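The values are calculated or read from the model by the stated rules, or taken from the named source; none is laboratory data. Since the structure is predicted, the reported quantities are computational estimates derived from the model, not experimental observations. Cβ placement follows ideal geometry from the backbone for every residue including glycine, while neighbour counts extend to all protein chains displayed. All accessible areas refer to the heavy atoms of the entire protein, side chains included, with ligands and DNA or RNA removed. Shrake-Rupley method; radii C 1.70, N 1.55, O 1.52, S 1.80 Å.
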Amino acid sequence: MVKYKVEVDKESCIGCGVCSSLLPDVFELGDDGKCRIVEKFRVSDDESRSVGEVGEEKYADALNQVVESCPTQAIKVSKGE
């Protein structure tokens, strides 16, 4: 199974909500108004970044769409093992 590492740079995030509206299964806005990975996929989360691993192939195209749609390029996705 292909895993995707997803990282959100909270310092670049402006909290516009595009990510959570496009893919609410993976992204949400935290209490600080910044994007973060939902608990199901979250590996770590602090004030500067949120990191997760998504192991479901069904999200591949949607993850790419979120990366392309983020106005500040705060979200990065890379293929893991």
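Values computed for the structure shown
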quantity: Crossing angle, helix 60-69 versus the chain [Cα axis fit, 0-90 degrees, rounded to tens]; calculated: 30 degrees
quantity: Label-to-label distance, nm, for residues given as Ser44 and Asp61 (7 Å Cα→Cβ offset); calculated: 3.3 nm
quantity: Accessible area expressed per residue, the chain, with surrounding protein chains retained (probe 1.4 Å, Å²); calculated: 60 Å²
quantity: With all protein chains modelled, accessible area of Glu11 [1.4 Å, Å²]; calculated: 140 Å²
quantity: Accessible-area order (highest first, 1.4 angstrom probe) of the listed residues Lys5, Lys58, Lys10; calculated: Lys58, Lys5, Lys10
quantity: Charge sum, other residues only, whose C-beta stays under 9 Å from Glu7's C-beta, Lys/Arg counted +1 and Asp/Glu -1; calculated: +2
quantity: Probe 1.4 Å, all protein chains present, accessible-area order of Cys35, Cys16, largest first; calculated: Cys16, Cys35
quantity: Exposure rank, largest accessible area first [Ser44, Ser21; 1.4 Å]; calculated: Ser21, Ser44
quantity: Mean separation of Cα contacts under 8 Å (6+ apart) over length of the chain, as relative contact order %; calculated: 44 percent
quantity: Solvent-accessible area of Lys3 with every protein chain in place, 1.4 Å probe, in Å² to the nearest 10; calculated: 80 Å²
quantity: The chain, accessible surface, carbon-and-sulfur percent (1.4 angstrom probe); calculated: 43 percent
